[in-house]
């Protein structure tokens, strides 16, 4: 599932629109999350409309030093209709619809 960082959701005024809550499980254990539907998410020229997202505190990921600040994680429900190409040296991602 696509995830929006809690602070980003608050900046966008999304924090009060939750459909429900659930715990998301990861390697670090359970993290409380809210589930909501957003009108759209757009990455470059690729857009998903009426997409469900989890909203959770991802600040620990930024603190680990392995990645910088970010607003969320693109999930399967966003990329499922695309072939994805990641150019790691150039730090670029490409979406291709077949």
I'd like to know if the stretch 58-66 contains one or more residues that are surrounded by 10 or more Cβ atoms within 10 Å (Cβ to Cβ), assigned to a strand (DSSP E or B) and at pLDDT 65 or above. no
Only residues that are at pLDDT below 85, farther than 17 Å from residue 73 by Cβ and assigned to a loop (DSSP other than H, G, I, E, B): list them for the stretch 14-53, please. 15, 16, 17, 18, 19
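The values are calculated or read from the model by the stated rules, or taken from the named source; none is laboratory data. From a predicted model like this one, the values you see are computed outputs, not experimental measurements. Backbone-built Cβ (ideal geometry, glycine too); neighbour counts: all protein chains shown.
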